[in-house]
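Peer 1: This is the structure I have questions about; it appears just below.
The values are calculated or read from the model by the stated rules, or taken from the named source; none is laboratory data. No experiment lies behind these values; they were computed from the predicted model shown. Cβ sites come from the backbone with ideal geometry, for glycine too, and all protein chains shown count toward neighbours.
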Amino acid sequence: MDKVIKEGRQYLLNICKKIKKANCDVLLIQKSILRDAVDDTSLNFLKRLDILMIKDVERDEIKFSSKSLGASLWRRARSLAPKLCELLE
């Protein structure tokens, strides 16, 4: 059981590191049908990496906020690429 928990924490940490490598300072998380879209462990990792996270944002509010802020939208953390993010800035 401890191995599963450790692997889960490592997986979350790797995703959070990818987000940090992409120079992300603020992360908007869309409201999900699944209540467990974001857990306390990932919130803790993002906080340690100085990434502000706003969760439970409505879909139309995310589009409006990204346009207002000039931010880019990403659907998956796996698709984040630091070079592409720098080009978008």
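Peer 1: Quick one: in the stretch 55-71, of everything that is aliphatic (A, V, I, L, M) and under 15 Å from the mean Cα position of the chain (by Cα), which residue is nearest to Asn44 (Cα to Cα)?
Peer 2: Across the stretch 55-71, the extreme among qualifying residues is Val57.
Peer 1: Let me ask something else about it. Return yes or no: is Asn44 in a helix (DSSP H, G or I) and of a type outside the set (Asp, Glu)?
Peer 2: yes
Peer 1: Also, quick follow-up: Consider Ile62 carefully, then state whether it is modelled with pLDDT of 80 or more, out of contact with any Asp or Glu (no Cβ under 9 Å at 6 or more places or on another chain), in a strand (DSSP E or B) and over 25 Å from Glu7 (Cα atoms).
Peer 2: Taking the combined requirement at face value, the residue does not satisfy it.
Peer 1: Looking at the stretch 13-36, can you tell me whether even one residue there is assigned to a loop (DSSP other than H, G, I, E, B) and hydroxyl-bearing (Ser, Thr, Tyr)?
Peer 2: Yes.
Peer 1: Now, a different point. Here is a check on your reading of the model: is Asp56 outside any helix (DSSP H, G or I) and modelled with pLDDT of 85 or more?
Peer 2: For Asp56, the condition - outside any helix (DSSP H, G or I) and modelled with pLDDT of 85 or more - is not met.
Peer 1: Within the stretch 2-9, is there a residue that is surrounded by 12 or more Cβ atoms within 10 Å (Cβ to Cβ), assigned to a helix (DSSP H, G or I) and at pLDDT 85 or above?
Peer 2: Yes, the stretch 2-9 contains a residue that is surrounded by 12 or more Cβ atoms within 10 Å (Cβ to Cβ), assigned to a helix (DSSP H, G or I) and at pLDDT 85 or above.
Peer 1: Ala22 passes all but one of (1) in contact with a helix residue (DSSP H, G or I) (Cβ under 7 Å, 6 or more places away or on another chain); (2) of a type in the set (Gly, Ala, Ser); (3) modelled with pLDDT of 85 or more; which number fails?
Peer 2: (3)
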